[in-house]
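Enquirer: Can you read through this structure? Questions will come right after.
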Amino acid sequence: MKARVPVVEIMSTSPVTISEEATVAEAAALIRDKHVGSLVVLLDGRPTGIVTERDIVTKVAAADRSAKSTIVKDIMSSPLVAIHPHQEVAEAAKIMAARKIRRLPVIKEGELVGILTENDIIRVWPQLIEVTREWDRAGLESQFAEGVEGHCEACGVYSTNLVWDRNLLVCPECRPG
């Protein structure tokens, strides 16, 4: 897989949405029926938040609240953490790791155009998730000045002189001129 892949190339273009005013029971049914793990929450057609299976479990079921009388707006995560379709997948993975989230709505000019999940990234670039999680845990990103040993994230060739370049560790041959 090429190193500089834009989000638009691997995102789902049909995210499942729900209104802020819908009930949690409606959200749970939609999650079940559409076989998804989250719903992007809309107000007047604009994305305002996200509600996940975990939100329903922790904020409604475990709190012994009524799913029929609780509205999505009361349990959604907001403000929405999102990404532009032309940002790189590596950047999306870093945002997910830093924020400890598994889904990123993709927004262009205020409009929801897709959703990128951790599973989308794993499917096309499995090592990226593991690497970015390790960077976040260890705080290593800033330490990658030069002379790092490993495989180039652009071409895959082993090098003893990798340097950090725009979200990737690259060998001398893959550095921009």
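The values are calculated or read from the model by the stated rules, or taken from the named source; none is laboratory data. Computed from a prediction, not measured in an experiment: that's the story for all the values here. Every residue, glycine as well, gets a Cβ built from its backbone with ideal geometry; the counts of neighbours run over all protein chains shown. Remember, those area values only see protein heavy atoms, side chains included, never the ligands or the DNA or RNA. Shrake-Rupley method; radii C 1.70, N 1.55, O 1.52, S 1.80 Å.
Enquirer: Of the residues Thr52, Thr48, which is open to solvent by less than 40 Å² (accessible area, probe 1.4 Å) and modelled with pLDDT of 95 or more?
Expert: On the way: Thr48 fails: modelled with pLDDT of 95 or more.
Going through Thr52, Thr48 in turn, just one is open to solvent by less than 40 Å² (accessible area, probe 1.4 Å) and modelled with pLDDT of 95 or more: Thr52.
Enquirer: Is there a residue being part of a strand (DSSP E or B), within 16 Å of Leu112 (Cβ to Cβ) and within 16 Å of the chain's Cα centre (by Cα) anywhere in region 69-90?
Expert: The first filter runs over region 69-90 and keeps only residues part of a strand (DSSP E or B), leaving 71, 77, 83, 88.
This time we only want the ones that are within 16 Å of Leu112 (Cβ to Cβ), so: 77, 83.
Next, from what is left, pick out any that are within 16 Å of the chain's Cα centre (by Cα): 77, 83.
Looking through region 69-90, at least one residue is part of a strand (DSSP E or B), within 16 Å of Leu112 (Cβ to Cβ) and within 16 Å of the chain's Cα centre (by Cα).
Enquirer: Looking at (1) at negative phi; (2) open to solvent by 60 Å² or more (accessible area, probe 1.4 Å); (3) modelled with pLDDT of 70 or more; (4) out of contact with any Ser or Thr (no Cβ under 8 Å at 6 or more places or on another chain), which one does Lys100 not meet, given that it meets all the others?
Expert: The one condition Lys100 does not meet is (1).
Rundown of residues vs (1) in contact with a Phe, Trp or Tyr (Cβ under 8 Å, 6 or more places away or on another chain); (2) under 30 Å from Glu153 (Cα atoms); (3) of a type in the set (A, V, I, L, M), yes/no style:
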residue	(1), (2), (3)
Asp33	no, no, no
Pro47	no, no, no
Arg54	no, no, no
Ala67	no, no, yes
Val72	no, no, yes
Leu80	no, yes, yes
Val113	no, yes, yes
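Enquirer: Also, quick follow-up: Please indicate, with yes or no, whether at least one residue in region 9-24 is open to solvent by 20 Å² or more (accessible area, probe 1.4 Å), over 19 Å from Glu118 (Cβ atoms), part of a helix (DSSP H, G or I) and without any contact (Cβ under 8 Å) to a residue 60 or more places away in the chain. Break it down into steps so the answer makes sense when it comes.
Expert: Of the residues in region 9-24, the ones open to solvent by 20 Å² or more (accessible area, probe 1.4 Å) are 9, 11-17, 19, 21, 23.
Retained after the next criterion (residues that are over 19 Å from Glu118 (Cβ atoms)): 17, 19, 21, 23.
Still in the list and also part of a helix (DSSP H, G or I): none.
The answer is no; no qualifying residue exists.
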